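For reference, the structure is listed below as structure tokens.
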Amino acid sequence: MATRWGICGAGKISYDFCLCLKALPKSEHEIVAVAARDKKRAEEFASRFDIFNSYGSYEELAKDSNIDVIYIGTIHTNHVESSLLFINAGKNVLCEKPMSLSLEGCQRVLKAAKEKGVLFVDAFWSRHFPAYKFILEHIKSGAIGEVVMMQATFASFRDDAIYFDMNRGGGALMDIGCYPVQAANLLFKGKPESIVAQGSKAESGADKTAVILLKYPGGKFASLSYSAETSNGASHLTIYGSQGTIVVPDWFWCPTRVVLKENQVKYFQLPDIQDMDGMTYSNSQGLTYEAKAVRDCLLKGLKECPEITHEDSETIMYILTEVQKQLGIKYNYP
């Protein structure tokens, strides 16, 4: 039986996600409903993807009994509120990153999911890419020895005022800076012993550029940086082991290649999406990996996704919240 999806939000990321769902076998994935605050927008979205039900409120979507899991692709200031709405209605949830703007909000969602006995997945899609799974297997094999340090940088130039609007959860940390943080968590589990962050801010109070240093037990370090003030292809991940390195040279959050010792390159082809009309984000075809992972969890009766556990989500948000404090970022949302 197909996994029946409800889509919360009719924006760009929801569009890309639905393109991927439509590319997967109909016997495995079916989009049965979409909701937006604007009924007309929901209807237009439903027409594009041949979705039977369209709603003008998220509450209506929560009441739809014909849904197995809801994908939340709304603005992130709404993520906690929507997650709690659907969880309390007994729905399984896949929520786009960041799942919250604070550790408190994250903990509220995870607690509710546990109490209601539903699946909640933090949508860090990176975790489901074959390249990430290969990296973990390569490290586990002992090929690069013990991992002692990692570096990750994400740079993406942005100059629009909305991007730095604090009333919209603006700033670079929760948009792109969270990806280096999740990469550190991929390699070094548990909370860091120390977190040090310095950065710059826009006039609105939102962050623009920052450098983060995480120290983990055993003398292991994560050096992370991000910037909305430059791009120049400066987005990469390097993992340093006692006997070698692993490099993801570009787009480490949605990678298609990994460089190993002696410049050996391992390539990973993205899924074939024939209908890519209007796809917004680079390598969005990779959202199919995430959708398949959620279906797998549901079929197995899991309440957490092995690739991004609740502990991972809480640890990542713990780090992000501490970085916010050190940079002086203050949101009015959970």
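The values are calculated or read from the model by the stated rules, or taken from the named source; none is laboratory data. Source: prediction; values computed, not measured. Using ideal geometry, Cβ is built from the backbone for each residue, glycine included, and neighbour counts are taken over all protein chains shown. Remember, those area values only see protein heavy atoms, side chains included, never the ligands or the DNA or RNA. Shrake-Rupley method; radii C 1.70, N 1.55, O 1.52, S 1.80 Å.
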Residues (over 17 Å from Leu237 (Cβ atoms) and charged (D, E, K, R)) located in the stretch 98-152:
Glu104, Arg108, Lys111, Lys114, Glu115, Lys116, Asp122, Lys140, Glu146
Check whether at least one residue in the stretch 245-259 is buried (at least 18 other Cβ atoms within 10 Å of the Cβ), under 25 Å from Ile162 (Cβ atoms) and at pLDDT 95 or above, and report yes or no.
yes
When you go through (1) modelled with pLDDT of 95 or more; (2) within 23 Å of Pro130 (Cβ to Cβ) one by one for Ile273, which number turns out not to apply?
(1)
Among the residues of the stretch 189-232, write down those that are assigned to a loop (DSSP other than H, G, I, E, B), closer than 26 Å to Asp122 by Cα and touching a residue at least 40 places away in the same chain (Cβ under 8 Å).
Lys189, Gly190, Lys191, Pro192, Ala206, Ala228
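Based on this model, can you work out whether Ile273 counts as within 21 Å of the chain's Cα centre (by Cα) and surrounded by fewer than 21 Cβ atoms within 10 Å (Cβ to Cβ)?
Numbers: within 21 Å of the chain's Cα centre (by Cα): yes; surrounded by fewer than 21 Cβ atoms within 10 Å (Cβ to Cβ): yes.
For Ile273, the condition - within 21 Å of the chain's Cα centre (by Cα) and surrounded by fewer than 21 Cβ atoms within 10 Å (Cβ to Cβ) - is met.
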Expected output for the stretch 321-334 (first residue over 16 Å from Pro98 (Cβ atoms), partner surrounded by 19 or more Cβ atoms within 10 Å (Cβ to Cβ) and modelled with pLDDT of 95 or more, Cβ below 7 Å, 6+ apart or cross-chain) is Gln326/Ala197
Cross-chain or 6+ apart pairs with Cβ under 8 Å, the stretch 254-283 first and more than 18 Å from Ile139 (Cα to Cα) and free of Cβ contacts under 8 Å to residues at least 40 places away in the same chain, then among the hydroxyl-bearing types (Ser, Thr, Tyr) and surrounded by 13 or more Cβ atoms within 10 Å (Cβ to Cβ):
Gln269/Thr256; Leu270/Thr256; Asn283/Thr256
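Looking at this structure, is Thr309 free of Cβ contacts under 8 Å to residues at least 12 places away in the same chain, out of contact with any helix residue (DSSP H, G or I) (no Cβ under 6 Å at 6 or more places or on another chain), surrounded by 15 or more Cβ atoms within 10 Å (Cβ to Cβ) and polar (S, T, N, Q)? Don't jump to the end; show me each part of the working.
Working: free of Cβ contacts under 8 Å to residues at least 12 places away in the same chain: yes; out of contact with any helix residue (DSSP H, G or I) (no Cβ under 6 Å at 6 or more places or on another chain): yes; surrounded by 15 or more Cβ atoms within 10 Å (Cβ to Cβ): yes; polar (S, T, N, Q): yes.
Answer is yes for this residue.
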Taking the stretch 235-254, which residues are touching a strand residue (DSSP E or B) at 6+ places or on another chain (Cβ under 9 Å) and more than 24 Å from Pro192 (Cβ to Cβ)?
Pro249, Asp250, Trp251
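Any residue that is open to solvent by less than 30 Å² (accessible area, probe 1.4 Å), of a type in the set (S, T, N, Q), modelled with pLDDT of 95 or more and under 23 Å from Lys12 (Cα atoms) - is there at least one of those in the stretch 226-233?
Taking the stretch 226-233 as the starting set, the residues that turn out to be open to solvent by less than 30 Å² (accessible area, probe 1.4 Å) are 226-228.
From what is left, the residues that are of a type in the set (S, T, N, Q) are 227.
If we keep only those that are modelled with pLDDT of 95 or more as well, we get 227.
Next cut, under 23 Å from Lys12 (Cα atoms) only: 227.
Yes, the stretch 226-233 has at least one match.
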Looking at the stretch 179-213, which of its residues are within 20 Å of the chain's Cα centre (by Cα), closer than 20 Å to Tyr240 by Cα and open to solvent by less than 50 Å² (accessible area, probe 1.4 Å)?
Tyr179, Pro180, Val181, Gln182, Ala183, Ala184, Asn185, Leu186, Leu187, Phe188, Gly190, Ile212
Taking interchain pairs and intrachain pairs at least six residues apart, which have beta carbon atoms under 8 angstrom, with the first residue in the stretch 90-110 and at positive phi and the second not β-branched (Val, Ile, Thr)?
Gly90/Lys116
Conditions (1) open to solvent by 10 Å² or more (accessible area, probe 1.4 Å); (2) of a type in the set (Gly, Ala, Ser); (3) touching a residue at least 24 places away in the same chain (Cβ under 8 Å) -> Gly6 fails only (1)
Working only within the stretch 276-301, note down all residues that are surrounded by 13 or more Cβ atoms within 10 Å (Cβ to Cβ) and out of contact with any helix residue (DSSP H, G or I) (no Cβ under 8 Å at 6 or more places or on another chain).
Asn283, Val294, Arg295, Asp296, Cys297, Leu298
Evaluate the stretch 43-58: report whether one residue or more is of a type in the set (D, E, K, R) and assigned to a strand (DSSP E or B).
no
Only listed residue being hydroxyl-bearing (Ser, Thr, Tyr) and touching a Leu at 6+ places or on another chain (Cβ under 8 Å), chosen from Tyr163, Tyr132
Tyr132
If Gly199 passes every condition in (1) in contact with a helix residue (DSSP H, G or I) (Cβ under 7 Å, 6 or more places away or on another chain); (2) modelled with pLDDT of 95 or more; (3) closer than 30 Å to Ile87 by Cα but one, which one does it miss?
(3)
